[in-house]
Structures are given as C-alpha cells and as structure tokens.
C-alpha cells in the first residue's frame, strides 16, 4: 500500500538556522498538508497546498514558513529562522482528488536548541 | 473556525471491557469526522471515519456514532485488548473541497489493563 514518506526522521538545529523538511506524498494525490504536533499536545494544521499554491494557512504559518513543490514528487516545508518554540513533530499529509481521508507521513521530529 | 473538544483526557479500562471516547465540534458545516490512533512516536493512523450523511459506522471491534443535532460523535471500542493502548484523536472537517484542513481534538490516552 502506498505511503507518505518524510525525511529526515529527526533534525536537530540551532536557533536562527534554516531547515527544510521533505515529504513525498502518495503519487496520485493532489492535495498536500503540513501539520505539527508539539510534544504531548494535539495535532495542529499549518498549511494546505493544491495546484502549486497555498489553499489555506493557519496563524502559526507566519512569514518564517514557506512551502514548495519543487518537482513532481517532493513537497517541502521551510522554516527560515528557527525558534525554540518550533520544536515539534511535523507531519505531512496528502489526499486524492475527491477523497476525504488524509494520509499522514511518519513525521519529522525537529529539535531547535 | 472549527473547535473540537475531546473528553476525557485519559481513560483506563480492563482488557475485554468496552471503551467510549466522546468529541464535540462547533462548526455545523463540518461533515467529515475521522478518528486517528497514534502510538508513541508514530504517525496518526486512521482507524475509522464517518460522514455526516450517516449516524453510525462499524468496523469489527470499533464503531463511530454521530449526532449532528447535538454536534457530537463518539468512538466505541469493544473487547479491548492491550494493543488498543494508544492516544486517540478525533477530528472534523468541512469537506467543501478535498483540500480542507482537519481540526483535531486534544487526544485521549487509552490504557487497557491486562
């Protein structure tokens, strides 16, 4: 069964550094999302992406964040200048055309020191 | 925007007993309600979902019920087993387009005592 994949599984970075989190959505899916989960808390929506543009973003997704689909398979989340409070698990998800279910990747644990 | 409340925050049951987890939502336009199971350090895994055109859905030991009038939905797990121990999240979304976001509840930690 196809799965969403994410790399790296764990990223440690220093405050102020840029990080790029990578996702490969399921191949025939058209709608892509990033969520984050701070340790012990609920999953929070960051951004949705369709047809090479952002469909919706949350208040968390400020100017420090950006997303890109640089080629036909990857979907990336960039944090320009990381803060301590960006430490969280970041999940990518994708949905097929007309689909309801969002399929989640295994997540990238980001630790900002 | 949508607000999903989930209660209780922890639940402990004896193996073989049933567990019921309840969620409420605020947006009457929400029409899709999935339940996710998350084991420690792993991805949320969809275990069952329900759309607003039905009131109940069952899949082996798990079932979900939806009350649109009261804006709440519940997860029912029967004959619980130790491997059911995990964090369970409910979520809601308004499926106006497939790119609709999910709004999650805070999660409940279910412990099944052997």
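In table form, for the structure just shown:
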item: Total residues in the stretch B:51-65, condition away from chain A (no Cβ under 14 Å) and under 19 Å from residue B:28 (Cα atoms); result: 3
item: Among the candidates A:36, A:80, residue that is surrounded by 13 or more Cβ atoms within 10 Å (Cβ to Cβ) and within 14 Å of chain B (Cβ to nearest Cβ); result: A:36
item: Residue in the stretch A:62-77 that is in contact with a strand residue (DSSP E or B) (Cβ under 8 Å, 6 or more places away or on another chain), part of a strand (DSSP E or B), free of Cβ contacts under 8 Å to residues at least 40 places away in the same chain and over 21 Å from residue A:10 (Cα atoms) present; result: no
item: Looking only at the stretch A:14-52, and only at residues there that are closer than 22 Å to residue A:81 by Cα and not in a strand (DSSP E or B), the one that is modelled with the lowest pLDDT; result: A:39
item: Matching residues in the stretch B:67-108 - criterion: being more than 9 Å from chain A (Cβ to nearest Cβ), in contact with a strand residue (DSSP E or B) (Cβ under 6 Å, 6 or more places away or on another chain) and under 30 Å from residue A:57 (Cβ atoms); result: B:71, B:72, B:73, B:75, B:86, B:87, B:88, B:90, B:92, B:108
item: Odd one out for residue A:61, checked against (1) more than 30 Å from residue B:3 (Cβ to Cβ); (2) within 12 Å of the chain's Cα centre (by Cα); result: (1)
item: One residue from A:18, A:56 being free of Cβ contacts under 8 Å to residues at least 60 places away in the same chain and surrounded by fewer than 17 Cβ atoms within 10 Å (Cβ to Cβ); result: A:56
item: The stretch B:39-93 - residue that is in a strand (DSSP E or B) and touching a residue at least 60 places away in the same chain (Cβ under 8 Å) and, of those, farthest from the chain's Cα centre (by Cα); result: B:93
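The values are calculated or read from the model by the stated rules, or taken from the named source; none is laboratory data. On a predicted model such as this, the values are computed, not experimentally measured, just so you know. As a convention, Cβ positions derive from the backbone with ideal geometry for all residues, glycine included, and neighbour counts pool all protein chains shown.
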